[in-house]
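J.: Would you mind keeping the following structure in view while I ask a few things?
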Amino acid sequence: METWHKNNYKPNGSKNKVALFADTYINYHEPQVGKAAIKLLTDCGYDVLLASVGCCQRPRISNGFLKEAKSDGTQVAEKLMPFITQGVKCRLRTIVYFSTYR
């Protein structure tokens, strides 16, 4: 997703910024969902920053590795803090499912 975003995304110059959390699924399994999210957010008037800050930890949670998921998930959340402290809205992929899958 990072390469696609860098090569294809054209910021619209909006002062409204949103960070899209590029998790494992958007990066490797469902890049079309990430691209649809970028289009949706751009169409809504946002400049989309890609937050490639690590794995969402869902695979670990699904397989019962809760301690590891909590530890690494905390680090991922901390990596999102610079976006938040700059006033950038952060969006996870859940909004994309609502928007792209009816």
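Here, each number is a calculation from the coordinates, and none is a lab measurement. Since the model is a prediction, treat every value here as computed from it, not as a measurement. Virtual Cβ from ideal backbone geometry, glycine too; neighbours counted across all protein chains shown.
J.: How far is helix 31-43 tilted, in degrees, relative to the longest principal axis of the Cα atoms in the chain, given as a value from 0 to 90 rounded to the nearest 10?
T.: 40
J.: Hey, another quick one. Run down the lysines and flag those whose C-alpha is under 28 Å from the C-alpha of residue 10, throwing out any fewer than 8 positions away in its chain.
T.: 35, 39, 79, 89
J.: Using modelled backbone amide H atoms (1.01 Å from N, in-plane), which distant-in-sequence or interchain residues come within less than 5 Å of residue 52's amide H?
T.: Residues meeting the amide H criterion: 22.
J.: Okay, moving on. Using only Cα atoms, find the angle between the long axis of helix 66-85 and the longest principal axis of the chain, and express it within 0 to 90 degrees, rounded to the nearest 10.
T.: 30
J.: While we're here: For region 1-90, state which trypsin sites (Lys or Arg not before Pro) are in a DSSP loop and have at most 13 other beta carbons lying within 10 Å of their beta carbon.
T.: Passing both the DSSP loop test and the Cβ count: 15.
J.: Next up: P(r) for the chain, please, calculated from all Cα pair distances in 10 Å bins and given in %.
T.: 15, 45, 32, 7, 0
J.: Counting Lys and Arg as +1 and Asp and Glu as -1, what is the net charge of the other residues whose Cβ lies under 13 Å from the Cβ of residue 77?
T.: -1
J.: Can you pull the one-decimal nm distance between simple spin-label points at residue 66 and residue 15, each 7 Å off the Cα toward Cβ?
T.: 4.6
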